[in-house]
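Notes for the one structure printed next.
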Amino acid sequence: MIRVLVAEDMRILRDTLVAVLNLEDDIDVVAQVADGEAIVPAVVADRPDVAVVDIDLPGGDGLTAAAVLHEQCPQCRVLILTVLSRPGDLRRALAAHVSGFLPKDTPSGELVDAVRRVAAGERVIDPQLALKALE
């Protein structure tokens, strides 16, 4: 079973992400938070395998939380899911040791696949964004 934390400040989107992920037999959303400050304490308390994190959160951004998680809870891999899909954000995310970086308009099936791949130790990066970052 893949244990997941969802960090998203928009309630309807957070509820939808949780519902979509919980439909899968091998995924269990064990925590959900609405602000950046709550990510690390929730990971420590609930021990997810993957944290699906938005970049732009109140109370601390998702990339800062990802860097802290890499240091304090390296067993939890971070998958960034954001509307802020600029090449500079991808570079910052990679510097924070995230395992995945996808735009929010990613189809739900691809998100589920990405969660599984990240949990398995793979890195999942949106190909179009990767090309922009290389340019």
Could you tell me which of the residues VAL4, VAL30 is under 16 Å from VAL118 (Cβ atoms) and either buried (at least 23 other Cβ atoms within 10 Å of the Cβ) or of a type in the set (Gly, Ala, Ser) (or both)? VAL4
State which residue is least open to solvent (accessible area, probe 1.4 Å) when the search covers only region 7-17 and only residues that are in a helix (DSSP H, G or I) and either of a type in the set (Lys, Arg) or more than 15 Å from VAL50 (Cα to Cα) (or both). ARG14
Run down LEU90, LEU94, LEU21 and say which single residue is in contact (Cβ under 8 Å) with a residue 60 or more places away in the chain and not charged (D, E, K, R). LEU21
Within region 33-53, work out how many residues are buried (at least 19 other Cβ atoms within 10 Å of the Cβ) and not small (Gly, Ala, Ser). 9
Would a scan of region 83-96 turn up a residue that is modelled with pLDDT of 95 or more, surrounded by 13 or more Cβ atoms within 10 Å (Cβ to Cβ) and either within 11 Å of the chain's Cα centre (by Cα) or not hydrophobic (A, V, I, L, M, F, W, C) (or both)? no
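Looking at VAL68, VAL78, which one is of a type outside the set (Phe, Trp, Tyr) and under 20 Å from ASP126 (Cβ atoms)?
So the residue among VAL68, VAL78 that is of a type outside the set (Phe, Trp, Tyr) and under 20 Å from ASP126 (Cβ atoms) is VAL78.
For VAL20, indicate whether it is open to solvent by 10 Å² or more (accessible area, probe 1.4 Å), in contact with a strand residue (DSSP E or B) (Cβ under 7 Å, 6 or more places away or on another chain) and more than 27 Å from LYS132 (Cα to Cα).
Here the answer is no, as VAL20 does not meet what is asked.
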Near pairs, Cβ below 6 angstrom, 6+ apart or cross-chain, from region 29-40 (more than 14 Å from MET10 (Cβ to Cβ)) to any residue that is of a type in the set (Val, Ile, Thr) and assigned to a helix (DSSP H, G or I): VAL29/VAL18; VAL40/VAL68
Report the residue count in region 54-82 for those that are crowded, with 20+ Cβ neighbours inside 10 Å, of a type outside the set (A, V, I, L, M, F, W, C) and modelled with pLDDT of 95 or more. 2
If ILE2 passes every condition in (1) farther than 16 Å from SER108 by Cα; (2) at pLDDT below 95; (3) of a type outside the set (S, T, N, Q); (4) in contact with a strand residue (DSSP E or B) (Cβ under 9 Å, 6 or more places away or on another chain) but one, which one does it miss? (2)
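The values are calculated or read from the model by the stated rules, or taken from the named source; none is laboratory data. Note that this is a predicted model, so its numbers are computed, not measured. All Cβ positions, even for glycine, are placed from backbone atoms using ideal geometry, and neighbour counts span all protein chains on display. Side chains included, ligands, DNA and RNA excluded: accessible areas come from the protein's heavy atoms. Shrake-Rupley method; radii C 1.70, N 1.55, O 1.52, S 1.80 Å.
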